Structure formats: structure tokens, C-alpha cells
1. Provide, for q = 0.10, 0.19 Å⁻¹, the log10 of I(q)/I(0) from a solvent-free Debye sum over equal Cα point scatterers in the chain.
2. Would you please name the GluC sites (Glu not before Pro) within region 1-89 that are DSSP coil residues with at most 15 other C-beta atoms within 10 Å of their C-beta?
3. Taking amide H positions as placed in the peptide plane 1.01 Å from N, state which residues far from Arg79 in sequence (5 or more) or on other chains have amide H under 5 Å from it.
4. Using the crude model of +1 on Lys and Arg Cβ and -1 on Asp and Glu Cβ, and no other charge, please compute the dipole size for the chain relative to its Cα centre, in debye to 20.
5. So with the 1.4 Å probe, I'd like the accessible area per residue for the chain, rounded to whole Å².
6. Roughly to the nearest percent, how much of the accessible area of region 1-114 is carbon and sulfur, given a 1.4 Å probe?
7. Hey, what number do you get for the chain at 222 nm if only DSSP H runs of n ≥ 4 count, each worth -39500 (n - 2.57), divided across all residues, to the nearest 500?
8. Please state the relative contact order of the chain as a whole percent: Cα pairs under 8 Å, 6+ residues apart?
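The values are calculated or read from the model by the stated rules, or taken from the named source; none is laboratory data. A quick note: this is a predicted structure, and the numbers were derived from the prediction, not measured. Here the Cβ is made from the backbone with ideal geometry for all residues, glycine too, and neighbour counts use every protein chain on show. Accessible surface is based on the protein model in full, side chains and every heavy atom, while ligands, DNA and RNA are left aside. Shrake-Rupley method; radii C 1.70, N 1.55, O 1.52, S 1.80 Å.
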Amino acid sequence: MSENLALVIEDDTDLSEIFTRALETAGFEVESILDGKVAQERLGEVVPKVIVLDMHLPHVDGPTLLKQIHADERLSKVRIIIATADAVQAEFYRDQAMIVMVKPISFSQLRDISAWLKGR
């Protein structure tokens, strides 16, 4: 596992930028991925410390990626932050991630959570 690598898997470019800056401020090296298929391929190559995962992605959706992350032994210690605009969906996934956040998510919220995760 890369101690400083975080993947932001979010197709909204504005949110992706906010998440990326917040994680960088907390000391992570961040890769931003805008497409579920690209994320699926990248997850086969790296073991990040943190993944920020949107549930609504093009080509491969967030729930599919989440299942694949949980099924991959290499990724068993990855800290997952789910980002979703759907409060009902957030409750459904609460036990499948370290943190589930309902959008809109502010820079300061994610920065503070990222700093906390960095120290764990």
C-alpha cells in the first residue's frame, strides 16, 4: 500500500478538483479519475491508502467498483470514503465504507477528514 496515495474517483470535474485539493492539503499524492472503467483498471495496478468514490460514474458505476474493491485482498486495508448526493443510498452503504458523505461536501470537511485519515 502506498502510504501517501489517494484516488479520487469522481466524474464531476469541479468536485474532483475540490476533493483533490483537500487530500493534497492533508499530505496525500492524489490521482483523479473521472471514469469508472479507468478507475477499475487503475485499481488493478495500485494500492492506495484512501479512495474517494462517487456512486454515479460513467461506464462502471460506484457500487460495482465498491464490490470489486471489497473482493480484492490487496485492497482490504484501503480506507474508502463514499461521496453521494443520495441520502438513502448513503445509509445503504454506511457499513461498506469508513466514511459516507452526502453531497454537497465542502473543501474543509474533506480536508479535515483527510488529515485524520493520514494519521491513521
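1. These q points yield log10 I(q)/I(0) values of -0.24, -0.97.
2. Those satisfying the criteria are Glu3, Glu45.
3. Under 5 Å from the amide H of Arg79: Val50, Ile51.
4. It works out to roughly 480 debye.
5. 49
6. About 52 percent, which is the carbon plus sulfur part of the accessible surface.
7. Per the formula, -12000 deg cm²/dmol.
8. It comes to 28 percent, rounded to a whole number.
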